[in-house]
Structure formats: C-alpha cells, structure tokens
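The structure appears right after this line, and notes come after that.
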Amino acid sequence: MNRLCLDTSAYSNFQRGHRRAVDCIDQADWIGLPNVVCGELWAGFLLGDHMERNVQALALLLDHAAVETLDVDSHVARIYGEIFVELRRKGTPLPTNDIWIAATAIHAGATVLTFDAHFSEIARVGVLLLKA
C-alpha cells in the first residue's frame, strides 16, 4: 500500500501542477494531510491574494475518499519529542512544524512527500524527496 503524508511544499507544488507531485499523489492509495500543514496553508491563504480559490482547492482535496486529515495526539506528541531530542543531540535543528509533520507521518505509517531535503535528517521517517 502506497501511503503518503504531504508537507506544505508537496501540497503547494501539487496545486501548481508540478508533474511529479501530481503523479505521486494520483498514484497513492492513501494520502494524509497533517493539520499542521493545514495551519500553514491557512496562514498562506489569509496572507495571499487568492483566498477563495485556495480554500476551494483545499476543500476539493479534503473531500477525496483517499485523503485523511491527521491530528496531533499524545502518540504523535511523544514521537515529536523523541525526534526533537535526537536532532538536538546531533546538532541538526529543523523547523518545528516539519518535526510535527514527520511525527505525524511516522504515527500514520506514511512516507513524507516533500521538496524539502532536510526531512532526510530524520532517520525514522520515510521521505520521498522531489525536485522543483
């Protein structure tokens, strides 16, 4: 089963029609969208010039049967803490939201689809890194 967890860069590139992102998402059996990503998207929508169009595109994706929003629960929080400590001990800081996204993906048993290479610093999560 092909399970993908989207980060914000993957979602954004998918919406822009990036061929590889579209192909990966179209071929996935299951797609997880962490609520952390939804928060980042909403921040962008509210700051941008195309809020209505962006909100409609997100709603369309979320209505798809293969897509599930992923909450932060106590299990995800524990995984986040473990990743944070591991990265700190290695001296490899990462953006906080990306650690949350990775923790959510790990809990869901999914691979992170991303354009951000720093996800590869997290040993416990599978990463499908796309190039812009």
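The values are calculated or read from the model by the stated rules, or taken from the named source; none is laboratory data. None of the values given here were measured: they were computed from a predicted structure. Cβ placement follows ideal geometry from the backbone for every residue including glycine, while neighbour counts extend to all protein chains displayed.
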Inspect the stretch 53-75 for any residue being under 11 Å from the mean Cα position of the chain (by Cα) and modelled with pLDDT of 95 or more and give the result as yes or no.
yes
Go through Leu94, Leu4 for me and flag whichever is touching a strand residue (DSSP E or B) at 6+ places or on another chain (Cβ under 9 Å), aliphatic (A, V, I, L, M) and within 25 Å of Ala123 (Cα to Cα).
Leu4
Before we move on, is Val112 in contact (Cβ under 8 Å) with a residue 60 or more places away in the chain and of a type outside the set (Gly, Ala, Ser)?
yes
It is to be established whether one or more residues within the stretch 59-77 are within 18 Å of Phe119 (Cα to Cα), in contact (Cβ under 8 Å) with a residue 40 or more places away in the chain and in a helix (DSSP H, G or I).
no
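Residue-by-condition table, conditions (1) part of a helix (DSSP H, G or I); (2) in contact (Cβ under 8 Å) with a residue 60 or more places away in the chain:
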| residue | (1), (2) |
| --- | --- |
| Phe14 | yes, no |
| Ile25 | yes, yes |
| Ile31 | no, no |
| Cys38 | yes, no |
| Asp49 | no, no |
| Glu52 | yes, no |
Given the conditions (1) part of a helix (DSSP H, G or I); (2) farther than 17 Å from Gly39 by Cβ, report the number of the one that Ala123 does not fulfil.
(1)
Could you count how many residues in the stretch 1-31 are buried (at least 16 other Cβ atoms within 10 Å of the Cβ), among the polar types (S, T, N, Q) and closer than 12 Å to Val112 by Cα?
2
